[in-house]
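Trainee: Quick one: the structure is below, and I'll ask about it shortly.
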Amino acid sequence: MTYTLRKVTFSGERPEGAGVALSWDDLPVGRVIRLAGVDSNIDANVMELLLDPLSETGPAVVTYAATEGASVSELVESILCELEILAIGLFPAWLPEGERLSGPGGGGVAAVRILATRLASSAHHFGPFLADLAARAIQHRGPLVPGQRGPTGRSFPAESRAAGLARVIASTFGRESAALVVYVPERLTSHGETVLVAGCEWLAYRSGMGIWLVGPELHRVETLYLEVPAAVRRLAKEMTAPPLTPTAGAPPIAGRPHAGSVVEQSMEAALAECAWAHGRTWNQTYQSKDPLFVVVRTDLMWVQEKCVVELDGPEHETLAQMERDRIRDRHLERDGFTVLRFTNQQVMDDPGAILRHIEEFLRGRRLGMNEGAG
């Protein structure tokens, strides 16, 4: 179940001189702020619920769990490396026509460089950096797993990488700007806090991204207070706390399988070979006819046939998540949808059986639609 927070209000007393934001769209880019008003031990869950799906007009938002750095240069380098891995995983969403190219061979690399250079000439991208990033991406098609590094490329100054990656992330989601939610580590030393704030300020200035810090209180950083809806706070407390590893994460891209999901990528590869699977769409948001129900994001949907397919990982086995799934499915069914749920393990162990199940349902639904039209 996804809760979308469109308005941002303040809880408690607002410190003198603190800025005011009326919505996610109003949160600043190009500088560093701290988002407070959330219980620190559920920050990651709250932000996941509030930022998925993204606001339709705000910046593209990605996340990063920081660790204490010894120096500003070390911190900046670690963030830029993770953003590059993220950008490689998001390919070809940020390069039109890039999906037509396949294989890491010399021909594919040369062709993708040409596409990237053409895009850079018509947009605000740095051509050599974008061409190099595209070449690295096509050499590693498919999602990168945590801890895995993509192919290395040319060495560019940190300033060029920061600005280039911000543009790539923004364009991936069709936005004018991007923001990075940084989860602040607990028990930072005084030196670690100085390094974190200075590194984030450098990154905001050089990249133009908004850097939104979440977690323990920090000095010398402007703070905005968020009043989190009670329903979101309750759900966040029930959710299993995600592991905060120093990797960059991004929400799904509407119309595509999640770049970081091996299961969704595998399912799409199988569906692409099936003529009957036409009309499918990945990771689309849906607003129920019930005005009191929240916006939801479905894994896979056939809109005309009113079929929703959900691929459930281990987190769906908890009692709290099963109850949320039940409520969500009930609302979709009231709007005429049928929800088919499969576990990730089922998809990976016997994809043929999953495809046959979906095909049988879609053919039956289409037959009924045709008879009704007749």
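The values are calculated or read from the model by the stated rules, or taken from the named source; none is laboratory data. Predicted model only: the values in this text are computed from it and were never measured. All Cβ positions, even for glycine, are placed from backbone atoms using ideal geometry, and neighbour counts span all protein chains on display. Only protein heavy atoms, including side chains, enter the accessible area calculation; ligands, DNA and RNA are left aside. Shrake-Rupley method; radii C 1.70, N 1.55, O 1.52, S 1.80 Å.
Trainee: Would you kindly find the accessible area of residue 97, with a 1.4 Å probe and non-protein molecules such as ligands, DNA and RNA excluded, rounding to the nearest 10 Å²?
Mentor: 100
Trainee: Then there's this: Just by accessible area at a 1.4 angstrom probe, what is the order of 113, 341, 187, 161 from largest to smallest?
Mentor: Numbers: 113 85, 341 65, 187 210, 161 25 Å².
Highest to lowest solvent-accessible surface, that is 187, 113, 341, 161.
Trainee: Using θ = phi - 60° and the Karplus form 6.51 cos²θ - 1.76 cosθ + 1.60, what ³J(HN,Hα) does each residue of segment 166-179 get, whole Hz, x for Gly and Pro?
Mentor: 4, 5, 5, 5, 4, 5, 4, 9, x, 10, 7, 8, 9, 9
Trainee: Once both labels are modelled 7 Å past Cα along the beta-carbon direction, what's the residue 274-residue 322 spacing in nm?
Mentor: Those two pseudo-labels are separated by 2.7 nm.
Trainee: Which order do 225, 286, 205, 64 take when ranked by solvent-accessible area (1.4 Å probe, heavy atoms of all protein chains), largest first?
Mentor: In descending accessible area the options line up as 205, 225, 286, 64.
Trainee: Diagonalise the Cα gyration tensor of segment 256-374 and give the resulting equivalent ellipsoid semi-axes, square root of 5 times each eigenvalue, largest first, whole Å. Walk me through the intermediate numbers first.
Mentor: On the way: eigenvalues 92, 87, 32 Å².
So the three semi-axes of segment 256-374 are 21, 21, 13 Å.
Trainee: Accessible area, 1.4 Å probe, largest first: how do 312, 349 sort? Could you put the intermediate results ahead of the total?
Mentor: On the way: 312 20, 349 110 Å².
Reading off the accessible areas and sorting them downward yields 349, 312.
Trainee: Name the long-range amide H neighbours of residue 209: under 5 Å, sequence gap of 5 or more, or other chain; modelled H, no Pro or chain starts.
Mentor: Under 5 Å from the amide H of residue 209: 30.
Trainee: Continuing with the same structure: Have a look at segment 311-369 and give its Rg and Dmax from the Cα atoms, expressed in angstrom.
Mentor: Expressed in Å, the Cα Rg and Dmax of segment 311-369 come to 13.4, 37.
Trainee: How much accessible area does residue 122 have with a 1.4 Å probe, in Å² rounded to the nearest 10?
Mentor: 100
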